[in-house]
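*Asks:* Can you read through this structure? Questions will come right after.
What follows draws every value from the coordinates through simple rules; no lab data is involved. Everything numeric here is computed off the predicted structure, so don't read it as measured data. FYI the Cβ positions are ideal-geometry reconstructions off the backbone, even for glycines, and counts take in every protein chain you see.
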Amino acid sequence: MSPLEIAYRVKQSSQLVYERHFYKTFRFNYEVKQYPRSLFNKISFSEEQCKQLLEQAESICQNRINLLALHDFYIGEKIDYHKDYKSGITLPKDSFGKTIDFRESSIVGDIKYVWEVNRLLFLLPLALAYRVAGQSKYLDKFSELLKEWLIQNRFLQGINWVSSLEMAIR
């Protein structure tokens, strides 16, 4: 290793140590606000689209989601946002995110399945179903899932803080 590479690696390691300790005190506000329905008034759906949307939202309310090749998959009573549902591997929640080697399948399983759940794509049908039907159960499920994600994914802790791309998609 050249002296420049050694200096770079020392700097990189020092940065990880600093970030790991500095961000431990960061806390999210878990309050989910209820926004006025007028924000959704510009969205309109056909009768068939409304039917499909409400069916999808009902399925999500029963903790059944489409997860890549796993269609209408029962995800459990509470979603484990650190689990690869294809292989069954559960990742540690308390590891500093930047130190997790997400390319190592023996450690993380199929990372696509972990990150697909964490993209939270199932929240949109719940919000739209609330807009269409006006039933609070959809908004309640939306709030429950979002709060649970925030509780399970402390800032920079765990696999869901490894990829900047995944954070941007969320």
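*Asks:* Please list, in order along the range 116-125, the HN-Hα scalar couplings obtained from phi with the Karplus expression 6.51 cos²θ - 1.76 cosθ + 1.60 (θ = phi - 60°), rounded to whole Hz, x for Gly and Pro.
*Replies:* 5, 4, 7, 6, 6, 5, 7, 6, 4, x
*Asks:* Quick check on my link table: of Lys51/Lys137; Lys86/Lys112; Lys83/Lys147; Lys11/Lys93; Lys86/Lys147, which ones sit more than 20 Å apart, alpha carbon to alpha carbon?
*Replies:* Among Lys51/Lys137; Lys86/Lys112; Lys83/Lys147; Lys11/Lys93; Lys86/Lys147, the Cα-Cα distance tops 20 Å for Lys11/Lys93; Lys86/Lys147.
*Asks:* Loop only by DSSP, 16 or fewer other Cβ within 10 Å of the Cβ. Give me the trypsin sites (Lys or Arg not before Pro) in the range 110-167 that pass, ordered by residue number.
*Replies:* Qualifying residues, ordered by number: Arg119.
*Asks:* List the chymotrypsin sites (Phe, Trp or Tyr not before Pro) within the range 108-170 that fall in a DSSP loop (any state other than H, G, I, E or B) and whose Cβ has at most 15 other Cβ atoms within 10 Å.
*Replies:* Values: sites: Tyr113, Trp115, Phe122, Tyr130, Tyr138, Phe142, Trp149, Phe155, Trp161; in loops: Phe122, Phe155.
When the chymotrypsin sites (Phe, Trp or Tyr not before Pro) of the range 108-170 are filtered for loop state and at most 15 Cβ neighbours within 10 Å, Phe155 remain.
*Asks:* Taking amide H atoms as placed 1.01 Å from N in the peptide plane, list the residues 5 or more away in sequence, or in a different chain, whose amide H sits under 5 Å from that of Ile89.
*Replies:* Long-range HN contacts for Ile89: Asp84.
*Asks:* Let me have the relative contact order for the range 81-170, percent, based on Cα pairs under 8 Å that are six or more residues apart.
*Replies:* Computed over the range 81-170, the figure is 40 percent.
*Asks:* Can I ask one more? What does the charge add up to near Thr90, with Lys and Arg as +1, Asp and Glu as -1, over the other residues with Cβ less than 10 Å from its Cβ?
*Replies:* 0
*Asks:* A further question follows. Rg and Dmax of the range 130-170, using alpha carbons, in Å: what are they?
*Replies:* That works out to 13.6, 37 Å for Rg and Dmax.
*Asks:* With viscosity set to 1.567 mPa s and temperature to 4 °C, compute the Stokes-Einstein D of the range 46-142, Rh being the Kirkwood radius across alpha carbon pairs; µm²/s, no decimals.
*Replies:* 88
*Asks:* Can you pull out the trypsin sites (Lys or Arg not before Pro) in the range 64-111 whose DSSP state is coil and whose Cβ has at most 13 other Cβ atoms within 10 Å?
*Replies:* On the way: sites: Arg64, Lys78, Lys83, Lys86, Lys93, Lys98, Arg103; in loops: Lys78, Lys86, Lys93, Arg103.
Answer in residue order: Lys78, Arg103.
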